[in-house]
Amino acid sequence: MYRDDWLQLYTGSDTTFLVTDLAPGKSYRLRLRCHNCAGASLYSNTVNFVTAPAPPLAPQPPVITSKGPYAASLSWMETSTNGAPITSYSLEMCLLGDTFVEVYNEKETECIVRNLNPGSTYYCIVKANSVVGQSVPSEVTVYHSPPAPPESPSKIHLVESSDSSLKISWDPPSSPGAAILHYNVCFNNGVATKSVKNEYFIDGLSSDTQYKVRVQAVNSVGPGQFSSVKVVGTGTPLPSALPGTIQLSSRGHNFLRWAGVAPDLSSVIYWNEPLPSRVTSHQCMKETSVK
């Protein structure tokens, strides 16, 4: 279809003229007539032509609707083809500081993007494609995914232990959902205790005892799932001081005997070896005297 009105593009004596500012992929008609002092001639025959197509115009920025913490629906308006049919639309997204990555390349003007990070800021653009080329990107749409409860912490580690205390640590959740506020630490299914850091120290425990530990992360949405159970144990306490007085009962050139140790206790002897020394081995013997 053509417009009924004609636009005058050139008046002059040259027989050539460059027409500019034409739209790509559009049909045009051209006609010519001459002028002299007596007036204007009749118009020439009409020449019909079509300009070459160009890459599509940039689409409008996408409109985003949340589908929960992990998914979103994106849609956009069809754009001008510039003379060649649209073959597909490319949707690209990225997090702050990252490079745009294509997440969709189809002909439809809407899609659902999944596996998003909860509580994160995404930047989204759309490009149109045709056989001629790709359009410039649309303006950026900023999308804030809603937060979600955190995933459970993983890999609880026993840092140190004694006969009455334990210190543990754990790896934070791979997907926190939002900023972690604190952790709940639970021993043997007892009352949970809060810990701001991803480590915890507890004392006043029984010696030679195993404890079941699990940890739960909490953010602004609420608590996540508890971690798997980790079994940790306290150690054996040191023996009490030996009762009574230790007495040397006999000695020789290469042995010592002493008395005064209860029969259910084991002992370790420490001594300073004289210098210079020719001793090549030592033998330590214990004799217990119970009165």
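The values are calculated or read from the model by the stated rules, or taken from the named source; none is laboratory data. Since the structure is predicted, the reported quantities are computational estimates derived from the model, not experimental observations. Reconstructed Cβ throughout: ideal geometry from the backbone, glycine too, with neighbour counts over all protein chains shown. Protein only, heavy atoms only, side chains kept; ligands, DNA and RNA dropped before computing areas. Shrake-Rupley method; radii C 1.70, N 1.55, O 1.52, S 1.80 Å.
Some notes on this structure:
- Residue tally, condition surrounded by 21 or more Cβ atoms within 10 Å (Cβ to Cβ) and outside any strand (DSSP E or B), over the stretch 116-127: 1
- Qualifying residue in the stretch 192-200 (condition: modelled with pLDDT under 65 and among the basic types (Lys, Arg)): no
- Inclusion of Leu9 among residues that are part of a loop (DSSP other than H, G, I, E, B) and either at pLDDT 95 or above or over 30 Å from Asn129 (Cα atoms) (or both) is warranted.
- In this structure, Tyr143 qualifies as under 26 Å from Val218 (Cα atoms), in contact with a Cys (Cβ under 7 Å, 6 or more places away or on another chain) and crowded, with 18+ Cβ neighbours inside 10 Å.
- Subset of the stretch 24-57 (residues that are open to solvent by less than 80 Å² (accessible area, probe 1.4 Å), closer than 30 Å to Ser90 by Cα and free of Cβ contacts under 8 Å to residues at least 60 places away in the same chain): Pro24, Gly25, Ser27, Thr51, Ala52
- Residue that is surrounded by the fewest Cβ atoms within 10 Å (Cβ to Cβ), among those in the stretch 94-115 that are touching a residue at least 12 places away in the same chain (Cβ under 8 Å) and part of a loop (DSSP other than H, G, I, E, B): Asn115
- All positions within the stretch 76-93 that are crowded, with 19+ Cβ neighbours inside 10 Å, hydroxyl-bearing (Ser, Thr, Tyr) and not in a loop (DSSP other than H, G, I, E, B): Tyr89, Ser90
- Within the stretch 55-73, the residues that satisfy the criterion of being within 25 Å of Gly119 (Cβ to Cβ) and either touching a Leu at 6+ places or on another chain (Cβ under 6 Å) or part of a loop (DSSP other than H, G, I, E, B) (or both) are Pro61, Pro62, Ile64, Lys67, Gly68, Pro69, Tyr70, Ala71.
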